[in-house]
Every structure is written in structure tokens, then in C-alpha cells.
Amino acid sequence: MKILFNPHRVAAFTWWVVFIGIAAMASAPVSDIKTALYWLTAAVVQATILSSPVLLLSMLWRILRGYSVVNAVLAVLTFLLSLATTVFLMANYKLDQLYGFYVNYFVVNLLITPGGVEAMGVSHSTMFSLAIGVMILAGALWLLLSYLPVEKLTLKSLSGGKFLAGFLCLFVAQALWFAWAEYRYQRPVLQISDRIVWHVPVTARTMLEQMGFAAGRPDADGGLPTGRGTVAYPLQQVGDLTVNQPYNIVWLVAESWRADMLDPEIMPETYAFAQNAQWFKQHYSGGNGTRMGMFSQFYGLYGSYWFDILGQAQTPLLLDTLQASDYDLMAYTSSRFSYPEFDKTIFAGFADSQLQSYTEGDGWQRDRKNVTDLLSHITSAKSPFFTFMFFESAHANYYFPEESIIEPNYLEDFNYLTVDVEEDIELIRARYINANHHLDSQMARVFQALEKSGRLNDTIVIVTGDHGEEFMEKGRWGHNSTFSQEQIRVPLLIHAPGRPPAMYAGMTSHLDLPATVMNLLGIEADPSIHSYGGDMLSPDFNRTYTVASDWHGNALITPELKMIFSKKSAANSASTTSLDDEPMSLAEAGTGYRSVLERFTRELSRFYNLQRRP
């Protein structure tokens, strides 16, 4: 049995493994001969692209194989690179199974940013399974290369020049085909492309329009700008804003806290607190992930502004005003402020001593430690103070101690590599419920301490989630994948000193929080110059639509429907749905949405300096 293998043999084997994997995963939408031809062409092209590092090493070996030492080194490198390519392909499809997307800039950002992997809640059993899996895969690869007649699957007569020419022809053919299909909205081709790992979407909308071809559908993105410009925030110089009613502020945000968890059995203490607060029953996060959900509630801007705000290191007007008004500032997180980059955006104006990131132990243990420190700080803080806390208990893989178990039939070992999400979803949801029960106990510590000390009389308390969490109700688990109600609906409670308890049934949004808090503090600033929101406690408040964002774009949400401005979403699901996420056509929606869409389109770029945009 061979220890080292001919790199050409390894490269050929790698290409076939990748091709078969891609072709198998992308085959579902194939319905006729035409789409089957595109499917095969695209699979061949992408298999060649993903296998190219191994293929290039093989070509280098052909040139240098006369040198024995070089030959051995290249043989080892080719085998390791083949293993890495196979692991990469499998990792992508596991990501797609769990979250609905492949390795992308978001994932890379997560991996390279301190705290990113921790934020995913990866368990020790997952890391152990990953190590064992890679070792088993390496052994299987070695055995297959030893015994499988791979040489019969290679085209030895095909020279490098002919191979490159053939690949370029196929690449151009599938790129042109996709461009046409995207323009004409040929759904099967778009679905096939979306199932191909790292597919390169070549488009030619402008050229095809100039040539006189009619588009197959209205542009799913509505021709809407998506940022990447100079943000004018706030729109004008607001001068020295004054806090005329210097209440203290305690701002509590729970990771992955969906609206229906605010239940008397799951979260009795928080439910009791809600009865004595302003409870907003139809509240929407500004995104389906932490980044956009947090960003929208402090800036009042759509999530699509995140990228440019990050580039400009612009801090939120609300926190700038509190700092200028000599508030005692302190923020705690059971994750990290560096992932997402809140230390460069929301809390960029805070000193290092004003940011506590505690990451030791499970999420529930971190929450307990941080709440203890938060309460100690409140006791000694000078008034007025602003204190923020980000809870991690309810984040996957959903943490809780034994005493917080109210759903005993739960998945005990949440191993990302071995879990079958669809089969185990109710057991997973039971973990989530237990985690929320523990979250309730920690929020209760804050409520009780404030009440016992008399601080509730002069403290605004905000309790909400960064985003929701789905458990396959609409076909996905987790968040950051779709704009389903489960992923974007969150609780919102506001305790405002002197205001009697009330429940609000109308649509509200994280976008409204800055304007609402500023008005409670007596800060005189027109909300339209610093946010897309308004004062939710104003008698004439009436939100006719809201916007939620993800890494790729926005979703327009009205009380009747949702319009999702994303080609990826349009390829995978309906671009227009009812409020409860049932696919629908615009014809079914009547004409009422048109004025809302026109306003949304007109206002989307309000906070961009269009004259200075690149």
C-alpha cells in the first residue's frame, strides 16, 4: 500500500469528489433537459474552481517531479490540500443545513473576529466531533486513493492548454446563461445556482436592457441603493442637546429572545414586570441577527447603514448626548463587544474601563456574573447613569443550569456536527425554553434590585431582544436566514417613571427606541434628522411600515405584507409574502402597498450625502 500518492491522481480524485458533491446538492431543482444541461455545466465549472488549488499543485508536480525531495513534498501537500477541499465542501453544506447559507464574508468575519466563534455557542463535543471527523475523513481518503482505480477517471491525453481552454469556454457559457436567467427570472436556474457552493453570479442587466430585452419580472431590489457611501448622520448639526429630565437608564437586551417567550409559565418574573410597564405587543427588531438588531435600536437607522457607519466609526447620537451630559456610563456583555464590532460603533465612545466583556463558562454562568457586577455598579454609580447589559443565555446552543429546567425532555448534547435539526427540533426548542426560563431569573434580579432600592422611581428600564429565533416553523432553525416572524419579532418593555402601565397593539420597531428614549429624557431633537423612528409613547404615533435588515439587504414590512429586496431570498422563497410569511403575489395585495413602497424607496437614502457618495 502506498504512503505517498501521485499528485495527479490525488487531483483527479479531488475533482470528482467535489463535482459529485456539488452536482448532488444542486440537483433538486432540475426539471427538464435544459436545466439539466445548465446544472451539469455549472457543476463542472464550480468543481474545477474549488479544486483549482489541488489542480495547480498537480501541474507544478508535473514540472518538478524529477526532483525526489520536491516530489515528496508536493505529494504530501496535495493530499493535505485535497483533504482541506473536501472538509471545506462538507462544512459548507453543513452550514447550509443549519443556517441556510454557505461560507461567506459573514462567516469569515465571525472566524477572524475575537469572540466570533464563542458567539456561535460551539460546544466542546462539537469540536471533539470535528477533530474525529477530520481524522476519519483523512483515513477514508487515503484508503480510497490506495484502492480506487482513479486513473481510469482521468483524461491523461488532455494537455494543460486544452484543459484551460475547455474550462474557459464552459465558464463563459454558464456565466452568460446565468446572466440571462437572472434577467428573465428563470427560477430553476437561480435555484440551481443558489445550491452551488461559492457560485459566481455574473449579471448583465444594464446591457440586456440597453439591447431592448424585457426583464422577466420587476427588479427584486427595486433599484434601491444599499449604502456604501458617506453617511450624513445626523442630517444636520443639532448643537448641544440638553437632557432636561435626567432619568437613569437600564437597557437590557437578550440574545435570540423571540416574542412568544414572554409567557407567564416560561418567564413569570419578566411577565409580571410587563404588567406594570409599557408593553409593545407587535414589536419588530431592526434585523434578523445581532448586528442589525442592536444597531437599529441605538441609531434608529436601517441595518443597511451598518457598513458605512462602521467605516466612519460614527457613534449614536443618543449615547453621545448622554456622555456630553455627564452620565455615568457602563456596559456589560456575556459575549464580546468586538463581535459584532460594537466597540467600533455603538460603544466606540466608551472607555475600556466602561466596557465589561465576560466570556468564561457557559452563557448562563456569564449572565449571572455580569448581573452581579451590574447590580454592584448601580449601587455605587452616580446619578444620572446609563447601564447596558447583553444576556447570552438564550443563544444557541441554549444554556441553563439544572434548576432552570421546566422542559425535561430536551436535547442534552447539542452537537452541531451530529444533530439532525429537523428530527430533533422539538428537543432543541425545549433547550431554548429552559434557557429563557434562566434568562427570566437573571432579569428578575435586576427588576427586584431596582424596586428594592427605590431606583425605579427615577430610572427608565428597557427590556428587549436583539432578534428572534425560529424552530422550523417556516423551514429554518435559528436566525440570520430569513425575515420570518419568528426571526424578527421580539418583546419590548419600557418602564418609564410616572407612566401608568399600558399595552400597545400597533406596529413598533427598534427604529423607534432612540426617539422614544430621547423624548422621555426631555431632549429636544426632531427624530427625522437622526432616525427612521418616532416616539412610541406619543398619542399620535402610528407606524404604517417598518424595515428589518440582514447582511444582504432590507425587508419592507407592513401590517399586511412583506417585500424582501434580495435576489437570494427571491430565488429561495417568495419575494412577497403575507405578514405571516405565506407566499403571495402583489396582485393579491391590492394597491395599498404602493404608497408605502414609494415612501420607503424615497426615504431609504435619507441619511446618505448623495453629492459625496462615490
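The values are calculated or read from the model by the stated rules, or taken from the named source; none is laboratory data. Quick caveat: nothing in here was measured; it's all calculated off a predicted structure. Neighbour counts are summed over all protein chains in view; Cβ atoms, including those assigned to glycine, are modelled from backbone coordinates with ideal geometry.
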_Flag for residue 411 being over 17 Å from residue 249 (Cα atoms) and touching a helix residue (DSSP H, G or I) at 6+ places or on another chain (Cβ under 9 Å)_ = yes
*Every residue from the range 19-53 that is surrounded by fewer than 22 Cβ atoms within 10 Å (Cβ to Cβ) and of a type in the set (A, V, I, L, M)*: 20, 23, 24, 25, 28, 30, 33, 36, 37, 40, 44, 49
*Could you pull out every one of the helices (runs of 4 or more DSSP H) wholly within the range 284-403 that has 2 or more residues that are at pLDDT 95 or above?*
290-299, 317-324, 363-380
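Condition check ((1) out of contact with any helix residue (DSSP H, G or I) (no Cβ under 7 Å at 6 or more places or on another chain); (2) outside the structural domain of residue 535 (by TED's automatic domain parsing); (3) touching a residue at least 12 places away in the same chain (Cβ under 8 Å)) across all residues:
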{"residue": "235", "(1), (2), (3)": "no, yes, yes"}
{"residue": "261", "(1), (2), (3)": "no, no, yes"}
{"residue": "281", "(1), (2), (3)": "yes, no, yes"}
{"residue": "290", "(1), (2), (3)": "yes, no, yes"}
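Here is a yes/no grid of residues against (1) among the basic types (Lys, Arg); (2) surrounded by fewer than 20 Cβ atoms within 10 Å (Cβ to Cβ); (3) farther than 28 Å from residue 551 by Cβ:
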{"position": "304", "(1), (2), (3)": "no, no, no"}
{"position": "311", "(1), (2), (3)": "no, yes, no"}
{"position": "318", "(1), (2), (3)": "no, no, no"}
{"position": "322", "(1), (2), (3)": "no, no, yes"}
{"position": "329", "(1), (2), (3)": "no, no, yes"}
{"position": "332", "(1), (2), (3)": "no, no, no"}
{"position": "343", "(1), (2), (3)": "no, yes, no"}
{"position": "367", "(1), (2), (3)": "no, no, no"}
{"position": "376", "(1), (2), (3)": "no, yes, yes"}
*asked:* Kindly evaluate residue 273 against the criterion of being buried (at least 20 other Cβ atoms within 10 Å of the Cβ), in a loop (DSSP other than H, G, I, E, B) and more than 16 Å from the chain's Cα centre (by Cα).
replied: no
*Pick from 473, 426: which is surrounded by fewer than 17 Cβ atoms within 10 Å (Cβ to Cβ) and within 20 Å of the chain's Cα centre (by Cα)?*
473
*Keeping to the range 151-174, report how many residues are at pLDDT 65 or above and of a type outside the set (Lys, Arg).*
13
_I'm trying to understand the selection: among the residues of the range 476-486, which are surrounded by fewer than 24 Cβ atoms within 10 Å (Cβ to Cβ) and either outside the structural domain of residue 538 (by TED's automatic domain parsing) or under 22 Å from residue 299 (Cα atoms) (or both)?_
480
*What residue, among those in the range 175-199 that are of a type in the set (Phe, Trp, Tyr) and either over 20 Å from residue 29 (Cβ atoms) or modelled with pLDDT under 80 (or both), is surrounded by the most Cβ atoms within 10 Å (Cβ to Cβ)?*
183
*On the given criteria, is residue 451 in the same structural domain as residue 408 (by TED's automatic domain parsing) and either surrounded by fewer than 21 Cβ atoms within 10 Å (Cβ to Cβ) or more than 15 Å from residue 258 (Cα to Cα) (or both)?*
yes
*asked:* Regarding the range 99-107, can at least one residue be identified that is modelled with pLDDT of 70 or more and closer than 30 Å to residue 191 by Cβ?
replied: yes
